[in-house]
Amino acid sequence: MTKMLASVTGVAEAEIAISGGVDIIDLKDPKAGALGAVAIDTIRQTVSSVAGRRATSAVCGDLPMEPEIIRAKAEEIAATGVDFVKVGFFPSGNIAACSAALAPLAARTKLIAVMFADLAPDFEFLPVFAKDGFHGAMVDTAQKAKGRLLDHLPPERIPAFVDRARSHGLAVGLSGSLEAPDIPRLLPFAPDFLGFRGALCDQSERTTPLSAEAVSQIRDLIPEELQPGAPSTVDYRLLAARGYSPGAVDPVLGTDKIFVRDFVLPVEIGAYSFEHGHTQKVRFDVTADVLRVTDHPEDMRHVFSYDIIMDAIRTIVAKGHVQLSETLAEDVAALVLEHPRVMSVAVRVEKLELGPGGVGVEIERRKAKQQASTTRLSAEADALRRRPGKKDLIS
Ligand SMILES: O=C[C@H](O)COP(=O)(O)O
């Protein structure tokens, strides 16, 4: 289950975050750069105030990539008792040396390597961090005024980071000026946590104080793990809004058609040899029948984002050459139908460079009985309640 990390400046904001249901309290000074460190005493006071009610982390700062500087700062922060120490790795020839310098500390403290989507991150360092004992790796953005995570690391490139980190046993975090509409687009990658600061502040201005209302709105978009023994009064309509438990949705509300039209991408596709080794323009038209969760949609909790459809298409296309239009259509339909609120989907795949206008295929696929997913969720919920206490990678 993906957890929510909130970057806070100290005790007062930590309490706002805890009250809003945040899972990880991250100490950071948003006025001191992308990874601005807060004073050691502030970290100590906040860790003491949180007193184990939540996991805690703290950043080392935008430090030069000098092994001894990095090691000394990380040791100092680890001594405050935080659960995780976040170390920023900026482009340099010294990354491997900095990672190695932290290996002794990594043996006794959970270190998170922070890479930056807007600074051409080299994910070849992920196995290096793992070798040196890091607990996890995350991608953030360094230049907060220059776009969000997905502007620099598009959805189709996220699996390269997540899968690579996971294959080396690293916990995975995603952050970088994330906003509410980013959340349903990132949850399918099942990161261990999503990190926020800007979206938790008034006017999304990360240097202003944390807003309880903003924290709550972001929290509501990330399904919380049902705590063992939690009361059964889970708001299934809200879970449905996040793509869970369609069975709990009021059948009277019916479905809406969410569509993507004339989405043209360069695609490596075709069975003929002359179609290999290059791309051709392919137009996608997709219409999904999505269970409604309210007749008064107010925010991202209540909608199914068409971005999810486009991300699904981009992710499939990024995998490489596809022989048949039919295969491409089936793959897109299957990925869109994975979303629990999608009941059926029509997919049209059209090659635009081969025929008089276009040639291709159109399919419609319906989800297998929705009871399966409802049964699945209630079974999951029951299992979570019974579970004595699952060890999370981030906990
Ligand atoms: O990981 C948490 C970061 O502090 C995210 O900050 P941001 O949302 O302002 O990019």
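The values are calculated or read from the model by the stated rules, or taken from the named source; none is laboratory data. Note that the structure is predicted; figures quoted are calculated from it, not measured. Note that each Cβ is placed from the backbone with ideal geometry, even for glycine, and that neighbours are counted across all protein chains shown. The area values use the complete protein model at the heavy-atom level, side chains included, leaving out ligands, DNA and RNA. Shrake-Rupley method; radii C 1.70, N 1.55, O 1.52, S 1.80 Å.
Tabulated data for the structure shown
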read-out: Reachable aspartates and glutamates from LYS367, criterion Cα separation under 12 angstrom, eight or more residues apart if same chain; value: ASP289, GLU338
read-out: Global geometry of the chain, whether rounded, prolate or oblate, following the gyration tensor of its Cα atoms and the 1.5 cut on a/c; value: oblate
read-out: Accessible area of the chain belonging to carbon and sulfur atoms, whole % at 1.4 Å probe; value: 53 percent
read-out: Computed label-point distance, nm, for sites PHE274 and GLU298 using a 7 Å Cα→Cβ extension; value: 5.9 nm
read-out: Nearest-ten-degree value, helix 40-50 long axis tilted from longest Cα axis of the chain; value: 70 degrees
read-out: Size of electric dipole in the range 272-356: Cβ of Lys, Arg +1 and of Asp, Glu -1, about Cα centre, debye, nearest 20; value: 140 debye
read-out: Prolate/oblate/rounded label for the range 1-128 (Cα gyration tensor, a/c 1.5); value: prolate
read-out: Of HIS276, HIS152, HIS339, the one that fluctuates the most in a GNM where the chain has Cα springs shorter than 10 Å; value: HIS276
read-out: Part-to-part distance (alpha-carbon centres) for the range 1-26 and the range 120-184, which is given in Å; value: 20 Å
read-out: Amide hydrogen neighbours beyond the local backbone of ALA37, cut-off 5 Å, H modeled; value: ASP29, GLY61, ASP62
read-out: Using alpha-carbon coordinates, inclination of helix 158-167 to the longest axis of the chain, degrees; value: 60 degrees
read-out: Fluctuation leader among LEU178, LEU111, LEU352 - the chain, Gaussian network, Cα springs under 10 angstrom; value: LEU352
read-out: Distant-in-sequence amide H partners of PHE116 (H built 1.01 Å from N, under 5 Å); value: ASP140
read-out: Solvent exposure of the range 3-234 as accessible area per residue, Å², 1.4 Å probe; value: 37 Å²
read-out: Potential lengthening between LYS131 and HIS321 on full extension [0.36 nm per residue; Cα-Cα distance subtracted]; value: 65.0 nm
read-out: DSSP-defined beta bridges in the range 3-234 - what % are antiparallel, rounded to 5; value: 5 percent
read-out: Above-threshold pairs, the threshold being 24 Å between Cα atoms, out of LYS110/LYS144; LYS3/LYS257; LYS86/LYS144; LYS31/LYS73; LYS144/LYS257; value: LYS110/LYS144; LYS3/LYS257; LYS144/LYS257
read-out: Label-point gap, in nm, between THR207 and ALA368 - each point 7 angstrom along Cα→Cβ; value: 5.4 nm
read-out: Relative contact order %, the chain, counting alpha carbon pairs below 8 Å whose residues are six or more apart; value: 13 percent
read-out: The chain: most fluctuating residue of ILE363, ILE158, ILE70 per GNM, C-alpha cutoff 10 Å; value: ILE363
read-out: Fully extended contour minus Cα-Cα distance, from GLU76 to VAL11, at 0.36 nm per residue; value: 21.5 nm
read-out: Fraction of beta bridges assigned by DSSP in the range 251-366 that are antiparallel (%, nearest 5); value: 95 percent
